[in-house]
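Q: One structure follows; several queries about it will come next.
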């Protein structure tokens, strides 16, 4: 929070300096539109916040007039609403589509299960996708923020933007519901961190007591290239203070979080956006907040409910989410699904012209309806034919009606999501694999027709 405050002061000083050089007076109501046009959204917002702070400083003799503050408050922050990343559904800065969310969700779980994503990074992404808060709010979390109560499991999230008596690091919090599986995952991770703290710093603190105040996302040494296992916590002299309360210096920095997100974007198998055909941008700090706000609005929640979920003190900044229609989001998802099928690589089997050319084509027990032949050496317990499309042993028949299977898969997915969105996305890879089979079969038939026509 100190870094954030320092950055805000620097922005305000810069804006005031450049205003003076341009002959613009922030205390002159007639200059407000020119000020808004000259500076970007973030700079103008900092100026507005500074003016509000100045007006509330009773110890200062000269302060902005209330009429000036009313003019500031009534002036739209954005220069042109068409440039708003939420309203324009900006593919790199705005909300993720459902297809992009599902792809990221699957990648995250797959990488974690195969040991390519460590628990800290997995939890960071999962919490961002669920609660959609700012990075600074994630960085403030400690293990004690995950709570089991008589009313169920809860998570405590702290406000990032506060004023007056509520200002400060971890000063004002809200409680949100927490999935039991996620609570269990955090507790298992907590046990691992506790064991490492006793191992690496046995005499520095009573870690059984201090573990509750240890950051979920910790500041660590940068990798030096020759150490395979870095210390679990930065070695600072006041580790014992963690027995009593969280300590800001042990929490990961904003720069480290941003650098990790950028490294993830450059990984070879990171999800590709079906809108840009480039890796998804998760290093844009507010994208998850925009996504949650858009999804909640499309689900029919009122403005106050959306504001509370996003931890806003009023509804003014959430009204833009009401303008993004669910139909438009669904249209983008539907139009881009085939493009995503081409880049995800969900289908790894082999298309065959007929059963005679397939492995096990002569075996009755390896026939999958009128759709395909299973090339596996032994029977499996997959839910044929639905989950078979993502199997490397699957041999779909060129002339089979795979489009009918796709319709059945999408109905199953919709029914499952109605009860549990997290479970519902497990159908996505089979759907993408089925789409890829349909596209490949169509291309093969067109190629064959072209060759026969030339002959």
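Q: Just rank 219, 139, 363, fewest to most, by other beta-carbon atoms within 10 angstrom.
A: Going from sparsest to densest Cβ surroundings: 363, 219, 139.
Q: Given a Förster radius of 56 Å and the C-beta distance between residue 10 and residue 363 as r, what FRET efficiency does 1/(1 + (r/R0)^6) yield to the nearest 0.05?
A: Efficiency, from the Cβ-Cβ distance: 0.20.
Q: Shape of segment 2-80 from its Cα gyration tensor (a ≥ b ≥ c, root eigenvalues): rounded if a/c is under 1.5, otherwise prolate when a/b > b/c, or oblate?
A: Rounded, since a/c falls under 1.5.
Q: What translational diffusion coefficient, in µm²/s and rounded to a whole number, does the Stokes-Einstein relation yield for segment 345-454 at 37 °C and a viscosity of 0.692 mPa s, taking the hydrodynamic radius as the Kirkwood radius over Cα pairs?
A: Rounded to a whole number, D works out at 225 µm²/s.
Q: Which percent of Cα pairs goes in each bin when the distances of segment 224-317 are cut into 5 angstrom slices starting at zero?
A: Reading the bins upward from 0: 2, 10, 12, 13, 12, 15, 15, 10, 6, 3, 0.
Q: So for each of 248-255, 269-276 I average, over its residues, the number of other beta carbons within 10 Å; can you give me the resulting order with the highest mean first?
A: Output ranking for 248-255, 269-276: 269-276, 248-255.
Q: Normalised by the residues of segment 93-233, what does the relative contact order come to in percent, with Cα pairs under 8 Å and at least six apart?
A: Taking the mean separation of contacting Cα pairs over the length of segment 93-233, I get 21 percent.
Q: Here is a follow-up. So what is Rg over Rh here for segment 20-164, counting just Cα atoms and using Kirkwood for Rh?
A: 1.10
Q: List the extent of the Cα atoms of segment 281-323 along each of their three principal axes, largest first, rounded to whole Å.
A: If we take the Cα atoms of segment 281-323, the spans are 28, 21, 15 Å.
Q: Okay, next question. Relative contact order for the chain: what percent, with Cα pairs under 8 Å and sequence separation of 6 or more?
A: The value is 13 percent.
Q: Roughly how many whole Å is it from the C-alpha centroid of segment 143-157 to that of segment 11-79?
A: If you average the Cα positions of each part, the centres end up 41 Å apart.
Q: Next question. For the chain, count the residues as N, evaluate 2.2 N^0.38 Å, and divide the Cα radius of gyration by that value, please.
A: The chain yields a ratio of 1.20.
Q: On the Cα set of segment 106-177, report Rg and Dmax in Å, please.
A: For segment 106-177, the Cα-based Rg and Dmax read 14.2, 47 Å.
All of the numbers you see were taken from the coordinates with simple rules; none came from a lab. Keep in mind it's a predicted model, so treat the numbers as computed, not measured. Don't worry about glycine lacking a Cβ; one is built from the backbone with ideal geometry, like all the others, and counts go over all protein chains shown.
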